[in-house]
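Trainee: Sharing a structure, written as structure tokens. Questions coming.
The values are calculated or read from the model by the stated rules, or taken from the named source; none is laboratory data. From a predicted model like this one, the values you see are computed outputs, not experimental measurements. Every residue, glycine among them, receives a Cβ derived from its backbone with ideal geometry; neighbour counts consider all protein chains shown.
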Amino acid sequence: MMDKETALKKISELRNIIEYHNQRYYQQDAPEISDAEYDQLMRELQNLEAQFPDDDLASSPTQRIGAAPLAKFASFNHPSPMLSLANAFSEEEIIDFDNRLKRLASVDNISYVAEPKLDGLAVNLIFEKGVFTKGATRGDGAVGEDVTQNLKTITALPLKIKKSGQAAIPSFIEIRGEVYMEKAPFKKLNQRRVKDGEEPFANPRNAAAGSLRQLDSKITARRPLSIFLYGIGNIQGMNFPTHWELLQALSAWGFPVNKLIEQAKDINACIRYFNRIGNARDTLPYDIDGVVLKVDSLALQNTLGNISRNPRWALACKFPAQQETTTIREIIVQVGRMGTLTPVALMEPVNVGGVMVSRATLHNEDEIIKKDIRIGDTVIIQRAGDVIPEVVNVIEEKRTGKEKKFKMPAICPECGSEIVRFEGEVAHRCVNISCPAQLKEHIRHFASRGAMDIEGLGEKLSAQLFDAKLISDPADLYFLTKDKLLELDRQAEKSSQNLIDSIGRSKNPPLDKFIYALGIRHVGERTAKLLAERFGSIENLMVAKIEDLTAINEIGPEITASIVEFFHEPKNKAVMKKFEKAGVIPQKKEISRNAPLAGKSFVFTGAMESMGRNDAKEIVENMGGTVNSSVTKKTTYVVAGTEPGSKVDKAKSSGIKIISEEEFLKLIGK
């Protein structure tokens, strides 16, 4: 148990630290720590203040909502406070929240509204007689920054309430919302900034905040900002019985309301919603960091009231953090199947989004120079879904002077060959085609799901087979026997037989899959399909001339040169003969001109509930259609799933038919 003197000293220290990070986050849009670390500091301070209250409690950051507004903007006094939310980090804390409210309200059950918690910038919008008159950031909850002109540049925000049937329009209303930036436009914005010699934004939230706080609204207008509305403050002229009915009114008035918001009959339904949205978060076009639960009954909300900076009736249920702070211990270099050298940061292990992370890609030497990443640096890393973690930015304030700059090696760390960097490329490469690292990666790629789909042959076993000299190229896989596999460490009889069977089943692959599996530089899945359709057999492709290849739409000189070079290389010719000897015969997928989707082109946007994107793509292609990533004049259908992106707008402006997931399923007969 901490004594009072030590506790008060710790409380003072935590308050100073949190105030510093409030300034970095709210006013400078340049956070130095992750949200999870900030939450931990705040929770530690709250616990200590509860045990050791002092005379300065009223000025503690635990009693504040955000940070004071910036002086460069006119201040705006919110007609009603914009409170922040209490946090929960586990199912137990969510259940405790529900039990506490039921005790306070003396009821057996409470129904809620569950909403995705967007990672953006909270704003307050004032509408008088149905017209937008003022808009401000949350600021410290009582006073925000007047950003009216900048908010008017957000095209999704109506400047006038739309009349809906016979329903009245309030004479005055405060509407609360979140300004955010979708992932795809954010990526393009950063690419443009880098091209223009500007610093890229660390994440979509910082980009949205920085864009909304521009003194020149013309700059804001050029930024791809979006907005969702989720609640109100003061309202005059009407009332709503529930939060759900309020949201329906906002939507009917023409305001963008998140379509993923749901009613939840009890706390168990809330937990199911939390888990479902958490599993889908990486498929959404925008960042979310949790789920918000609100008591549905507005009368009950009023009864429960507020405590200091938080309403009692609402809770922010946070997902495991996907950004964390750690230290780079070393930078090593990995060699890929195309000879590309990729620098990788070895870091102090840290839990990111529920996964222990100790490595992050640094992409290439130019990226390291641009971000000024050094060995020994304290950095913020991020991880999205199954994507390899990457370093977002360096926290320069934590440098000690002992950090070391990284330089790309002059020779390959795997085979000792010279490293080259071709003109116009960012990558450094090992050009030795017999480099062991390249061969291992090549075999792993050959067996992968998108290629030959050899079940049971993963990265570790591929490397083990290569190191044991049982294989030296992909064709050797077809000469393996169960007895040879059993010679390997920890290789059981059943798994060995399963692998032999899986290899055998792959002997008659679709031609496009086989072409992709060969690992020809610049030949991805789409190009492999084009080559399969044009040449019909691997034998025809092997003897294709430059003019035959360049005649194919979408295949340029660089891809052509790579294909020709691949099939003229003597070692590759030898491998192709081994495939033939082993009985590997690729099959061209014949698609009738009368196929149900022949001649039709699809673009998918938003998350699909019934199947994954890859599954939908495969179905379309098996039925004779094509799937593209962008909307063009040749697009037949845009399939709009949950929370579709800007592709829908482009389709509307181009007169291209937009269909729902349900309509798509009918189209394919499911």
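Condition check ((1) in contact with a Lys or Arg (Cβ under 8 Å, 6 or more places away or on another chain); (2) of a type in the set (A, V, I, L, M, F, W, C); (3) at pLDDT 85 or above; (4) farther than 25 Å from Leu480 by Cα) across all residues:
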{"residue": "Leu549", "(1), (2), (3), (4)": "no, yes, yes, yes"}
{"residue": "Glu554", "(1), (2), (3), (4)": "yes, no, no, yes"}
{"residue": "Glu558", "(1), (2), (3), (4)": "no, no, no, yes"}
{"residue": "Lys581", "(1), (2), (3), (4)": "no, no, yes, no"}
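Trainee: If Asn553 satisfies all but one of (1) touching a helix residue (DSSP H, G or I) at 6+ places or on another chain (Cβ under 7 Å); (2) not in a helix (DSSP H, G or I), what's the number of the condition it fails?
Mentor: (1)
Trainee: A further question follows. Just need a number here: residues in the range 465-476 that are assigned to a helix (DSSP H, G or I) and either at pLDDT 90 or above or crowded, with 17+ Cβ neighbours inside 10 Å (or both).
Mentor: Taking the range 465-476 as the starting set, the residues that turn out to be assigned to a helix (DSSP H, G or I) are 465-467, 474-476.
Subset that is either at pLDDT 90 or above or crowded, with 17+ Cβ neighbours inside 10 Å (or both): 465-466, 474-476.
Of the residues in the range 465-476, 5 are assigned to a helix (DSSP H, G or I) and either at pLDDT 90 or above or crowded, with 17+ Cβ neighbours inside 10 Å (or both).
Trainee: Since Ser506 meets every condition but one in (1) modelled with pLDDT under 90; (2) of a type in the set (Gly, Ala, Ser); (3) surrounded by 13 or more Cβ atoms within 10 Å (Cβ to Cβ), which condition does it not meet?
Mentor: Failing condition for Ser506: (1).
Trainee: Another question about this same structure. How do the helices (runs of 4 or more DSSP H) wholly within the range 560-654 filter down when requiring 3 or more residues that are on the phi > 0 side of the Ramachandran plot and surrounded by 13 or more Cβ atoms within 10 Å (Cβ to Cβ): which remain?
Mentor: Details: elements: 570-582, 613-622, 647-654.
Output list is empty.
Results for (1) touching a Ser or Thr at 6+ places or on another chain (Cβ under 9 Å); (2) assigned to a helix (DSSP H, G or I), shown as yes or no for each residue.
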position: Ile332; (1), (2): no, no
position: Thr342; (1), (2): yes, no
position: Lys370; (1), (2): no, yes
position: Asn393; (1), (2): no, no
position: Gly401; (1), (2): no, no
position: Pro413; (1), (2): no, no
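Trainee: Mind listing whichever residues of the range 426-453 are acidic (Asp, Glu) and not in a helix (DSSP H, G or I)? Show your work before the answer.
Mentor: Of all residues in the range 426-453, those acidic (Asp, Glu) come to 441, 453.
Listed by number, the list holds a single entry, Asp453.
Trainee: For the range 311-328, indicate whether the set of residues that are over 30 Å from Leu439 (Cβ atoms), at pLDDT below 95 and among the acidic types (Asp, Glu) is non-empty.
Mentor: Yes: the range 311-328 contains one or more residues that are over 30 Å from Leu439 (Cβ atoms), at pLDDT below 95 and among the acidic types (Asp, Glu).
Trainee: Give Asn258, Asn234 a once-over and let me know the one that is touching a Pro at 6+ places or on another chain (Cβ under 8 Å), closer than 24 Å to Ala156 by Cα and surrounded by fewer than 15 Cβ atoms within 10 Å (Cβ to Cβ).
Mentor: On the way: Asn258 fails: surrounded by fewer than 15 Cβ atoms within 10 Å (Cβ to Cβ).
Unique residue meeting the criteria: Asn234.
Trainee: Still on this structure: So which residues in the range 1-41 are outside any helix (DSSP H, G or I) and modelled with pLDDT of 75 or more? Don't jump to the end; show me each part of the working.
Mentor: So in the range 1-41, the residues outside any helix (DSSP H, G or I) come out as 1-3, 28-34.
Answer for the range 1-41, where residues must be outside any helix (DSSP H, G or I) and modelled with pLDDT of 75 or more: Met2, Asp3, Ile33.
Trainee: Which of the residues spanning the range 278-297 are at pLDDT 95 or above and hydrophobic (A, V, I, L, M, F, W, C)?
Mentor: Of everything in the range 278-297, those that are at pLDDT 95 or above and hydrophobic (A, V, I, L, M, F, W, C) turn out to be Val291, Val292, Leu293, Val295.
Trainee: Which number in (1) under 28 Å from the mean Cα position of the chain (by Cα); (2) at pLDDT below 85; (3) under 15 Å from Gln334 (Cβ atoms) marks the one condition that Cys435 misses?
Mentor: Every listed condition holds for Cys435 apart from (1).
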